[in-house]
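So the structure is just underneath, and the comments pick up after that.
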Amino acid sequence: MAQAPHAPQEPTEGSKPRRGRVGVRVVGRPDSLEQRLYLPEVLRGLGVTMRHFFANVVGRKYTVTVQYPEEKAPYPERFRGLHRLMHREDGSVRCVACMLCPTACPAHCITIVAEDTGDGKEKRPKIFEIDELRCVVCGLCVEACPCDAIRMDTGRHAPAVVHRGDAILGKVDLLKLGGPSQATQGGKGATWREEQ
């Protein structure tokens with residue numbers, strides 16, 4: 001047979017009262033009709049709103065709005081804009097289709113199809129596409145590229161498009177945005193400390 005739960009014990013004459021009791025504070029309701037309707041506070045809040053509204057409409061006192069196509073906010077030096085493909089001195093693309101940029105891309109917006117260059121030593125991209133609508137502008141593709149073939153330093157936003165397919169930039173589009181790269185392919189080499 002189950003026993004009933006124990007009821008809390010009341011302090012008896014010989015025992016000490018329990019410590020840590022929570023006190024209850026009784027708060028009264030608003031007394032006057034003015035306090036019950038909250039009308040003065042509502043009107044005071046509307047007054048603040050209207051004061052800011054007219055100060056901005058007439059004098060533009062509190063606005064920090066930039067009038068965007070006419071005025072442009074300055075971009076920071078490390079602004080990530082549209083992608084661009086760099087090319088070598090002879091005009092060929094620097095990309096060797098190593099597939100590191102699509103591997104590093106968290107949005108899977110880069111598509112590369114490789115082809116042989118004909119000399120048997122190197123590959124190049126037959127298809128190099130970036131879907132700018134899927135790109136999250138993280139810059140991991142730039143960091144992953146071992147030969148400085150892709151950059152995001154154009155300083156331009158992705159343009160607005162009507163059709164989704166227009167936001168996919170191909171190899172020709174990316175090469176038009178790019179320029180010759182001054183980076184040494186392969187880095188300084190293993191003996192760079194001895195050469196200094």
Problem set entry | Count - residues of segment 159-174 that are touching a strand residue (DSSP E or B) at 6+ places or on another chain (Cβ under 9 Å) and part of a loop (DSSP other than H, G, I, E, B) | 1
Exercise. Which of the residues spanning segment 96-153 are basic (K, R) and assigned to a strand (DSSP E or B)?
Worked result: K123, R124, K126, R151
Exercise. Quick check: is even one residue across segment 175-195 outside the structural domain of P69 (by TED's automatic domain parsing), surrounded by 14 or more Cβ atoms within 10 Å (Cβ to Cβ), more than 24 Å from the chain's Cα centre (by Cα) and among the acidic types (D, E)?
Worked result: no
Problem set entry | Subset of segment 129-159 that is at pLDDT below 90 and hydrophobic (A, V, I, L, M, F, W, C) - its residue that is nearest to the chain's Cα centre (by Cα) | A158
Exercise. Checking F79 against (1) of a type in the set (F, W, Y); (2) touching a Gly at 6+ places or on another chain (Cβ under 8 Å); (3) more than 30 Å from K171 (Cβ to Cβ), which single condition isn't satisfied?
Worked result: (3)
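The values are calculated or read from the model by the stated rules, or taken from the named source; none is laboratory data. As the structure is a prediction and not an experimental result, all values here were calculated from the model. Because the Cβ atoms are built from the backbone with ideal geometry, glycine has one as well, and the counts that use them run over all protein chains shown.
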